[in-house]
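Reviewing the structure listed below.
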Amino acid sequence: MCMPMTGRRMTSLLAYVTTAATGASLLTGCGVLPGATGGSREPVTVMTWAPDQTRATNMPGMPAMAQTYARWVNSQGGIDGHELRVLTCNEQNTATGAAACARRAVQEKAVAVVGSYSQNGRAFMAPLEAAGIPYIGGYGIAEEEFNNPLSYPVNGGVASLVAGHGMQLADSCDKVSLVRPDTLAGDKLPELLNSGLRKASHRRAVDIPAVEDAAEYTQQADRARDRAGDEKGCVTAVLGERTQTFFDSFRRLPKPAEEKQDRDPVRISSVLGSVGQPVIDRTGGAHSPFEGAFVTGWYPEASDKSWDPMRKVIRAHAFADNRVDPADPGVQTTWIAYTVLKEVIESIDQDTITAERITHALTRGERIDTGGLTPALRWRFEDLLGAPGFPRIVNHEVTFQVVRQGRLVAQRPGFVDVGETVLSAP
């Protein structure tokens, strides 16, 4: 039977190990990770899932980033001597797909699900909770990510984005039209946006529900423009991957005959994940319909130097995989989530890493430094925001960005704390 050993636990007996014995150990599966000193600790298996090739939002960059991270960290000797094994799963944007991915994580004895995307929180959290598997750094789209005790979010989710977006728009927009999914999750967005708009005593936004996976949005675009008006009016859409489709319909609307050239045009806006640098690049860069748009994000803009370590890893280990775009918020979230995993495993300092040990380390308040990409992350009881519906938010800071010459840049420097705004939402 192979007994894992580390540099810390070597004894003088190793001086007498023969070449033949070493060969025998390798044949039976006891190897040494590249860069490790001594025998390897037990491998650590985790899973990352996301929808791919579906009609709604797709996030192929998240599992691709997870695999890239594993190649990098294993080339450095693993995480504290543990080989990192990453399982990936296509969640398919369905409850059935999410549940199947979660069951597979249980069957494969994953110790955590890391940096994943799914709107189907109820479907995936139940199997994970039953098996005691923590969910680290989900994208922030499912309500269960912010109320289940086994979830450890790294951002404030859509709640923080939309509440912060209301704050961002309050200074520039007299009237706001919100186009959002006609779903249970989408039903929460108007009040979150309004909580931010109220910071400047603005009136409520006009709520325009829309089918999440429609092929065009002409009717909703026309209504949104009409209700926003033409004096400091703003139209914001939060439709995930279909946001681009909405603004394409918006751009194609005929201009009213009575429209005057000297009037300010309606300003468009959105949140990161619905609009990001990859979307802007695909739709024309500086000539994109998003030029001048306001965008609220979780993290610093993609050109910020805080992302340099991630970019270096992508260049060296993504092997020209175009799914791994460093400006993709899904890729960015996955990088941060695996940063959390790495620091937690190093803090445990054991030959065997279990789901229970990871959960204990996170719950006891292990402080995670993400290199300026987020505030320091901890999930002790006193660190939780405690907002109704989103009690497990610990990072309630966002960034205000704007599209200038085809690039997402900071509208104002640093982070904006939206905790009180989220708390004030009904």
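Being without any contact (Cβ under 8 Å) to a residue 40 or more places away in the chain, under 17 Å from Glu144 (Cβ atoms) and of a type outside the set (Lys, Arg): is that true of Gly121 here?
yes
Among the residues of the range 348-379, write down those that are open to solvent by 40 Å² or more (accessible area, probe 1.4 Å), more than 30 Å from Ala410 (Cα to Cα) and at pLDDT 95 or above.
Correct list: Asp349, Gln350, Thr352, Thr354, Glu356, Arg357, His360.
If a residue must be crowded, with 17+ Cβ neighbours inside 10 Å, on the phi > 0 side of the Ramachandran plot and modelled with pLDDT of 90 or more, how many such residues does the range 271-309 contain?
0
Out of (1) without any contact (Cβ under 8 Å) to a residue 40 or more places away in the chain; (2) over 29 Å from Ala159 (Cβ atoms), what's the single condition that is false for Val313?
Of everything listed in (1) without any contact (Cβ under 8 Å) to a residue 40 or more places away in the chain; (2) over 29 Å from Ala159 (Cβ atoms), Val313 misses just condition (1).
Scanning for something modelled with pLDDT of 85 or more and of a type in the set (D, E, K, R), does the range 256-263 turn up at least one residue?
no
If you go through the range 43-66 one residue at a time, how many are within 24 Å of Thr352 (Cβ to Cβ) and under 16 Å from the mean Cα position of the chain (by Cα)?
So the answer is 3.
May I ask you to list pairs of residues, at least six apart or on different chains, whose Cβ atoms are under 8 Å apart, with the first in the range 340-356 being in a helix (DSSP H, G or I) and the second being open to solvent by 30 Å² or more (accessible area, probe 1.4 Å) and modelled with pLDDT under 95?
Final answer for the pair search is Glu343/Glu366; Val344/Glu366; Ser347/Glu366.
Take the residues in the range 395-426 that are open to solvent by less than 20 Å² (accessible area, probe 1.4 Å), part of a loop (DSSP other than H, G, I, E, B) and of a type in the set (Gly, Ala, Ser); name whichever of them is farthest from Gly138 (Cα to Cα).
Gly406
Could we say that Thr245 is open to solvent by 10 Å² or more (accessible area, probe 1.4 Å), under 17 Å from Ser270 (Cβ atoms), under 26 Å from the mean Cα position of the chain (by Cα) and of a type in the set (Ser, Thr, Tyr) here?
Spelling it out, Thr245 is indeed open to solvent by 10 Å² or more (accessible area, probe 1.4 Å), under 17 Å from Ser270 (Cβ atoms), under 26 Å from the mean Cα position of the chain (by Cα) and of a type in the set (Ser, Thr, Tyr).
Is there a residue being among the acidic types (Asp, Glu), within 22 Å of Ala126 (Cα to Cα) and touching a residue at least 24 places away in the same chain (Cβ under 8 Å) anywhere in the range 166-185?
Within the range 166-185 (the criterion being among the acidic types (Asp, Glu), within 22 Å of Ala126 (Cα to Cα) and touching a residue at least 24 places away in the same chain (Cβ under 8 Å)), the answer is no, since none of the residues qualifies.
If you go through the range 38-69, how many residues are open to solvent by 10 Å² or more (accessible area, probe 1.4 Å) and touching a Leu at 6+ places or on another chain (Cβ under 7 Å)?
Summing the residues that are open to solvent by 10 Å² or more (accessible area, probe 1.4 Å) and touching a Leu at 6+ places or on another chain (Cβ under 7 Å) in the range 38-69 gives 2.
Among the residues of the range 203-238 satisfying the criterion of being of a type in the set (Ser, Thr, Tyr) and within 28 Å of the chain's Cα centre (by Cα), which is surrounded by the most Cβ atoms within 10 Å (Cβ to Cβ)?
That would be Thr236.
Does the range 183-200 contain any residue that is part of a helix (DSSP H, G or I), touching a Phe, Trp or Tyr at 6+ places or on another chain (Cβ under 6 Å), open to solvent by less than 10 Å² (accessible area, probe 1.4 Å) and at pLDDT 95 or above?
Within the range 183-200, none of the residues are part of a helix (DSSP H, G or I), touching a Phe, Trp or Tyr at 6+ places or on another chain (Cβ under 6 Å), open to solvent by less than 10 Å² (accessible area, probe 1.4 Å) and at pLDDT 95 or above.
The values are calculated or read from the model by the stated rules, or taken from the named source; none is laboratory data. None of the values given here were measured: they were computed from a predicted structure. Cβ sites come from the backbone with ideal geometry, for glycine too, and all protein chains shown count toward neighbours. These area figures cover heavy atoms from the full protein model, side chains too; ligands, DNA and RNA do not enter into them. Shrake-Rupley method; radii C 1.70, N 1.55, O 1.52, S 1.80 Å.
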